[in-house]
Structure formats: structure tokens, C-alpha cells
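Report on the following structure.
The values are calculated or read from the model by the stated rules, or taken from the named source; none is laboratory data. As the structure is a prediction and not an experimental result, all values here were calculated from the model. No Cβ is skipped: glycine too gets one built from the backbone with ideal geometry, and neighbour counts run over all protein chains shown.
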Amino acid sequence: MVRIFDRKLKKETIKNYVLQSFFAALVLYLGLNLPLLGDEIVLVAAAGSTAFIVFALPNSETAHPRRVIGSHFVCGLIGLAFHTIQTTFPSILSFELAVSIALGASILAMVSLWLEHPPAGGTVLFFVVNPQPVALVSLLLLVSIMTTISYVIRPYLCDLL
């Protein structure tokens, strides 16, 4: 028999599902109104994936504030660096190679620095393609708000998976 609904979804737990989904949607809505973030679909996707992890899996290692904020920061810097290198030396480093190496470098940095947070892979790709430091500040502000709200309401959150 194929199950449609999660086994943990019961009358007692439905409030968690609704509350945690509401907070993820609310925080993302607020983030879409930050300068330069709402117009950038790749960053919106990375922020939406982060919201899922922070609010649907609050006890996950990847939802820890250090990992969420740190990974987006490091990956943003790596993306900006690879954009600069690629535009300075286009004959040595093609765009495709810059994007690929930047992603590999960001994975290496995240796992080496204990900053594993998969949605930050989208962050590095965005900044190689579209270097906007203001967008990085907006993204860091948004993920900081997410982790702060998650921390404050943590007693009421549970892992939904």
C-alpha cells in the first residue's frame, strides 16, 4: 500500500507542521523584500532551501546557525572570488570551469570548516555568475533572521522528517 501522508502527521502533531511551515513562508516573504534578494531567483531558491532545513529539520546539524550563516558567507566569498578571477583571466579560466571549480572549492571549504549546509551550493553558483556584494549582505541578513527566529521558537519546533 502506498502512503500519501507522513506517519508522524497525526492530530497531535499537525500544529507543528502548520506552524513550522508558516514560519518558513513568513521569513522567506520578508527576505523577498530585502534589496536585490527578491529579484534573484537563484538566491531565492537557496534561501527557500535553507528555510526548509531550518524550520522542517531544526535539530539537524545542517540547521545549526553557525553552519547556515557561515556556509552562505564562505560560499558567497568563494563565488565572488571566482567571478573576479574568471573575468580577469578569461583565456585561462572559462566560465564553465570557473563555476565548476567554485562549486568544488565551496564543498571543500564547507566540509573542512564544519559548515556543511547544502543550500549554500546555490549561493556560490549565483555569485560566480552575478557578483553583487549587496545581495550577499541581504542573503546573510535573511539567513540570520531565519536562524534567530528558529532559535527563539526552538522549544516549539520538532523535526518533521
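Restricting Ser94, Ser100 to those that are surrounded by 14 or more Cβ atoms within 10 Å (Cβ to Cβ), more than 29 Å from Tyr29 (Cβ to Cβ) and free of Cβ contacts under 8 Å to residues at least 12 places away in the same chain reduces the list to Ser100.
The set of residues in region 120-141 that are hydroxyl-bearing (Ser, Thr, Tyr) and either touching a Ser or Thr at 6+ places or on another chain (Cβ under 6 Å) or at pLDDT 90 or above (or both) contains only Thr123.
Restricting region 122-152 to residues that are surrounded by 17 or more Cβ atoms within 10 Å (Cβ to Cβ) and without any contact (Cβ under 8 Å) to a residue 60 or more places away in the chain leaves a set whose member that is nearest to Ile53 (Cα to Cα) is Val124.
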